[in-house]
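J.: Let me give you the structure first, and then I'll get to my questions.
The values are calculated or read from the model by the stated rules, or taken from the named source; none is laboratory data. Just so we're clear, the structure is a prediction, and the values are computed from it rather than from any experiment. In this analysis, Cβ positions are derived from the backbone assuming ideal geometry, glycine residues included, and neighbour counts consider all displayed protein chains.
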Amino acid sequence: MILDDFSHFCWTFPLRRKSDVHQTIVDFVAYVRTQFGLPVKCFQADNGTEFVNTATSTFLAAHGTLLRLSCPYTSAQNGKAERVLRTLNNSVRTLLLHASMPASYWAEALAVACYLLNRRPSSSIHSEIPYTRLYSAPPSYDHLRVFGCLCYPNLQATSAHKLAPRSAACVFLGYPTAHKGYRCLDLSTRRIIISRHVVFDESHFPFADVSPVAPPSSLDFLADDTVDTMPCYTNRAARPSAPAVAPFSSNVEQPPPSSELAGPGGRGPVPPSGPALPGGSGPVLPTRPPQRPQHRRCWSTLADRAHRHLRLCLLLCLLPRNPLDL
């Protein structure tokens, strides 16, 4: 994303690799010089390796452009661009959820979000419109449509014969940069159709009928740490009872075979040898050290205590204070 500091107009470039950033900057500098007749005086970015490299630094120095970088881990120095990125991310998420579209269409939603952001007032430039500041002309809003809605483009020019359908049910994906029309996706053929003559049904969204709504976690572009949760029951009666499972033989202490317990002549078991007690009563039998029971923390115990305390308080409040009332 590239943001103009004066007009607050932004451009987005979906890239597959970070190595494509340098060529994108070269093409953008040429675009600005040709379309607006102005050079790029300064270029501000963070300390990413896609910006801090020999090729980019040499190119900017050759064109007299200053390269300013923010301090490490100090995104506040590049705050305007960070706020625009957050706004674009929120807009993309909203567009995809409203149209029930999968996250794979994030590039189309990003283009539409940037298109709309440049045509609405911005508080960073005193409620002016970035499009008006850059082109010195007010934008047009008559051609705006709802993203992801059902549309029917005119296919008369590409029909096979006179009895072929003149249109097909498609999904509106946005506004092409090189055409004055609309981008439509044919769900049956997965083909992008660009047409000027399109009929829209902005109350129906085809992806809502094709597939269920994707969970919000699949729309997050930054992975968050997952938190393991467990159900907590405040009522003991609502707790699921554990199924009765027979213990394994390895978990139960088994008695030794009868052959090992029999003494000389089969008279009885032989006690194990060991140190004798002070009184001479016999040897000390080895015992297994006690194991500390393992308890799992659950907030239900606190809830039960609070519930019992509350019932006790209510009971005390209902008791008569005067013994004569009894």
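J.: Go through segment 104-146 and report how many residues are among the hydroxyl-bearing types (Ser, Thr, Tyr) and free of Cβ contacts under 8 Å to residues at least 40 places away in the same chain.
T.: Summing the residues that are among the hydroxyl-bearing types (Ser, Thr, Tyr) and free of Cβ contacts under 8 Å to residues at least 40 places away in the same chain in segment 104-146 gives 8.
J.: Look through segment 116-132, keep the residues that are in a helix (DSSP H, G or I) and touching a Leu at 6+ places or on another chain (Cβ under 9 Å), and return whichever of them is surrounded by the most Cβ atoms within 10 Å (Cβ to Cβ).
T.: Residue satisfying both the conditions and the ranking: Pro130.
J.: Return yes or no: is Ser91 small (Gly, Ala, Ser), at pLDDT 95 or above and within 26 Å of the chain's Cα centre (by Cα)?
T.: yes
J.: Starting from residues that are touching a Ser or Thr at 6+ places or on another chain (Cβ under 8 Å) and among the hydrophobic types (A, V, I, L, M, F, W, C), keep the ones in segment 120-166 and report whichever is farthest from Leu110 (Cα to Cα).
T.: Among residues in segment 120-166 that are touching a Ser or Thr at 6+ places or on another chain (Cβ under 8 Å) and among the hydrophobic types (A, V, I, L, M, F, W, C), the one farthest from Leu110 (Cα to Cα) is Leu155.
J.: Are any residues in segment 1-33 assigned to a loop (DSSP other than H, G, I, E, B) and over 19 Å from Ile129 (Cα atoms), and if so, which ones?
T.: Phe13, Pro14, Leu15, Arg16, Arg17
J.: If I filter segment 23-30 for residues that are outside the structural domain of Pro176 (by TED's automatic domain parsing) and closer than 30 Å to Val171 by Cα, do I get at least one hit?
T.: yes
J.: Report the residue count in segment 78-103 for those that are under 12 Å from Leu173 (Cβ atoms), of a type in the set (Gly, Ala, Ser) and assigned to a helix (DSSP H, G or I).
T.: Residues meeting the conditions: 0.
J.: Related question: Among the residues of segment 170-201, how many are in contact with a helix residue (DSSP H, G or I) (Cβ under 7 Å, 6 or more places away or on another chain) and at pLDDT below 95?
T.: 1
J.: Now, a different point. Restricting attention to segment 134-155, and to residues there that are out of contact with any strand residue (DSSP E or B) (no Cβ under 9 Å at 6 or more places or on another chain) and either assigned to a strand (DSSP E or B) or not polar (S, T, N, Q) (or both), which single residue is surrounded by the fewest Cβ atoms within 10 Å (Cβ to Cβ)?
T.: It comes out as Asp142.
J.: What residue, among those in segment 65-81 that are out of contact with any Phe, Trp or Tyr (no Cβ under 9 Å at 6 or more places or on another chain) and surrounded by 15 or more Cβ atoms within 10 Å (Cβ to Cβ), is nearest to Arg33 (Cα to Cα)?
T.: The qualifying residue nearest to Arg33 (Cα to Cα) is Ala81.
J.: Something else now. Take segment 48-101 and flag every residue that is in contact with a helix residue (DSSP H, G or I) (Cβ under 6 Å, 6 or more places away or on another chain) and among the β-branched types (Val, Ile, Thr).
T.: Within segment 48-101, Thr56, Val92 qualify.
J.: Count, please, the residues in segment 117-156 that happen to be of a type outside the set (Val, Ile, Thr) and farther than 26 Å from His204 by Cα.
T.: Count: 17.
J.: Scan segment 13-54 for residues that are among the small types (Gly, Ala, Ser) and closer than 24 Å to Ala76 by Cβ and report the count.
T.: The total comes to 2.
J.: Quick one: in segment 178-202, of everything that is touching a residue at least 24 places away in the same chain (Cβ under 8 Å) and hydroxyl-bearing (Ser, Thr, Tyr), which residue is farthest from Tyr115 (Cα to Cα)?
T.: Among those that are touching a residue at least 24 places away in the same chain (Cβ under 8 Å) and hydroxyl-bearing (Ser, Thr, Tyr), it is Ser195.
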